[in-house]
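Since the structure comes first, as structure tokens, the remarks are kept for the end.
The values are calculated or read from the model by the stated rules, or taken from the named source; none is laboratory data. Quick caveat: nothing in here was measured; it's all calculated off a predicted structure. As a convention, Cβ positions derive from the backbone with ideal geometry for all residues, glycine included, and neighbour counts pool all protein chains shown. Side chains are part of the model used for accessible areas, which takes the heavy atoms of the whole protein and leaves out ligands, DNA and RNA. Shrake-Rupley method; radii C 1.70, N 1.55, O 1.52, S 1.80 Å.
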Amino acid sequence: MRDGYRFVGFQYELTGTLYSLGRIPRCKSAMLKHVSPGHEVLVAGVGHGTEAVEASKLGASVTAVDLSETMLAHFRRRIERERPPAPIRIVHDDIFNVRETGRYDMVIANFFLNVFSAARVKQVADHLGSLVRPGGFFAVGEFVLPGPGWRGVVQRINWYIAIAFYSATTEAVFHPVWDYPALVRGAGCRIEEIEYFSICGVPLYWSILGRKEPEGMP
């Protein structure tokens, strides 16, 4: 399997924290307040594993999926440092090879959907939605969809700096910001909550929580 983060994965967590002035780590963990002991949680594109470790500390049974062995090596070292209370199941594979339909109480995709092209991102979101049990949650942390005016200009600049770097150094695709709430809804989930993370009054990141519609609901 190709490892798109082989040469830049080491700096992923630190760079994101510094670039966002600490907002990205907060965004990643924002919706864990809906996790309870015994919940089954899947983290797609786990990276260095901020939210996976925190979910384990809350008593969840965590499955962490990533295609990059570089990222998983950093994640394993984090597990050794922080020693979460329960073993975390690590899956080194493409997310499409995880076919546990309707299993998870929460599926988390933080700064994961933004690596895909327009032709692929909806397929990925829909697949992730299929892994959520009826009544469960689909949580997506991402760059805010730019709005009008000068704030929208700042939001676009913030996104394009990030995607320019990662499209040049990894297999991420260069593209505008996707409409992540629409992707969550398209995956069969009703938007229940959105939490924003701002710098100098400009919302730059958001954590979107969708709830999977119970079977039989329109």
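All conditions in (1) open to solvent by less than 20 Å² (accessible area, probe 1.4 Å); (2) without any contact (Cβ under 8 Å) to a residue 24 or more places away in the chain; (3) not aromatic (Phe, Trp, Tyr) hold for residue 119, with the sole exception of (1). If I filter the stretch 39-46 for residues that are touching a Pro at 6+ places or on another chain (Cβ under 7 Å) and either open to solvent by 20 Å² or more (accessible area, probe 1.4 Å) or at pLDDT below 95 (or both), do I get at least one hit? No: zero hits. Of all residues in the stretch 161-209, those satisfying the criterion of being touching a Gly at 6+ places or on another chain (Cβ under 8 Å) and of a type in the set (Phe, Trp, Tyr) are 205, 206. Picking from residues in the stretch 133-155 that are surrounded by fewer than 16 Cβ atoms within 10 Å (Cβ to Cβ) and not small (Gly, Ala, Ser), the one that is nearest to the chain's Cα centre (by Cα) is 134. Among all residue pairs at least 6 apart or on different chains, which show Cβ distances below 6 Å where the first residue, located in the stretch 89-106, is without any contact (Cβ under 8 Å) to a residue 40 or more places away in the chain and on the phi < 0 side of the Ramachandran plot and the second is part of a strand (DSSP E or B) and loosely packed, with under 12 Cβ neighbours inside 10 Å? From the stretch 89-106, no pairs qualify.
Among the conditions (1) under 16 Å from the mean Cα position of the chain (by Cα); (2) surrounded by fewer than 16 Cβ atoms within 10 Å (Cβ to Cβ); (3) in contact (Cβ under 8 Å) with a residue 60 or more places away in the chain; (4) more than 21 Å from residue 173 (Cβ to Cβ), the only one that residue 33 does not satisfy is (3). Residue count for the stretch 172-188 satisfying the condition of being buried (at least 17 other Cβ atoms within 10 Å of the Cβ), in a loop (DSSP other than H, G, I, E, B) and of a type outside the set (Gly, Ala, Ser): 2.
Counting only residues that are more than 21 Å from residue 85 (Cβ to Cβ), of a type outside the set (Gly, Ala, Ser) and open to solvent by 10 Å² or more (accessible area, probe 1.4 Å), the stretch 47-73 holds 4 of them. Within the stretch 47-74, the set of residues being modelled with pLDDT of 95 or more and in contact with a Ser or Thr (Cβ under 9 Å, 6 or more places away or on another chain) comprises 51, 52, 54, 55, 58, 59, 60, 62.
Here residue 124 passes the criteria (1) closer than 24 Å to residue 205 by Cα; (2) part of a strand (DSSP E or B) except the one numbered (2). For residue 164, the test of being at pLDDT 95 or above, in contact with a helix residue (DSSP H, G or I) (Cβ under 6 Å, 6 or more places away or on another chain) and part of a helix (DSSP H, G or I) is failed.
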